[in-house]
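Every number in this text was worked out from the coordinates using simple rules, so none of it is lab data. These numbers come from a predicted model, not from an experiment. When we count neighbours, we look across all protein chains shown, and the Cβ atoms used for this are built from the backbone with ideal geometry, even at glycine.
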Ligand code: XMP
């Protein structure tokens, strides 16, 4: 395993991000929506540093292949989202790669008529972003390498690492794959 972003740097970046969010929203109430599952560690660390009236929701995105819709339609599960009509929303994800996921989620969240919506990601693989989306906030730009840790997974392993790392063959073997 090779550490790409150490824990101390992540924590410093999150403190800085919390400061930027305060400056943006002042004392206005904010609804933070974390995209499952990768954003949960970031969500937990970030919201404890935001001293605003705050609500939290979780959002699961998936490609819906029902008989009555076009194959591959993208849907979000609204079950764990509080009402965001006319609210300021901050959408939180672990990583922006091609930008497809964030683009599709933004389209869906817009249909819930928030007053404003901004996006924050921990990592941005900017060289790979082909969709016309940019995060309003990001903590680190990283090169085009597969990374795990701090919420990001390899086959649901390694989310619990407090740092961001790339994997060796033996790390992959250790997962039983
Ligand atoms: P797109 O291309 O839609 O991808 O921007 C975003 C989603 O892809 C996953 N992803 C990764 N997951 N390590 C991971 O564990 C990575 O290096 C990586 N790159 C992309 C992630 O689920 C993200 O939400």
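Points worth noting:
- For the stretch 133-162, backbone nitrogen atoms closer than 19 Å to the point 7 Å from residue 171 Cα along Cα-to-C-beta are found at 140-162.
- For the chain, the mean residue ellipticity at 222 nm estimated from helices alone is -7500 deg cm²/dmol, where every DSSP H run of n ≥ 4 contributes -39500 (n - 2.57) and the total is divided by all residues, rounded to the nearest 500.
- Candidates 134, 11, 24: whichever shows maximal mean-square fluctuation once the chain is modelled as a Gaussian network with Cα springs under 10 Å: 24
- Across 147, 133, 109, mean-square fluctuation computed from a Gaussian network of the chain (C-alpha pairs under 10 Å connected) peaks at 133.
- Applying 1/(1 + (r/R0)^6) with r as the Cβ-Cβ distance of residue 85 and residue 2 and R0 = 41 angstrom yields a FRET efficiency of 0.35.
- Cβ-Cβ FRET estimate between residue 54 and residue 106, R0 fixed at 22 Å, reported to 0.05: 0.60
- Gaussian network model of the chain, springs between alpha carbon atoms under 10 Å - residue of 56, 32, 121 with greatest fluctuation: 56
- Using the Cα coordinates of the chain, the gyration tensor eigenvalues translate into equivalent-ellipsoid semi-axes of 26, 22, 14 Å, sorted from longest to shortest.
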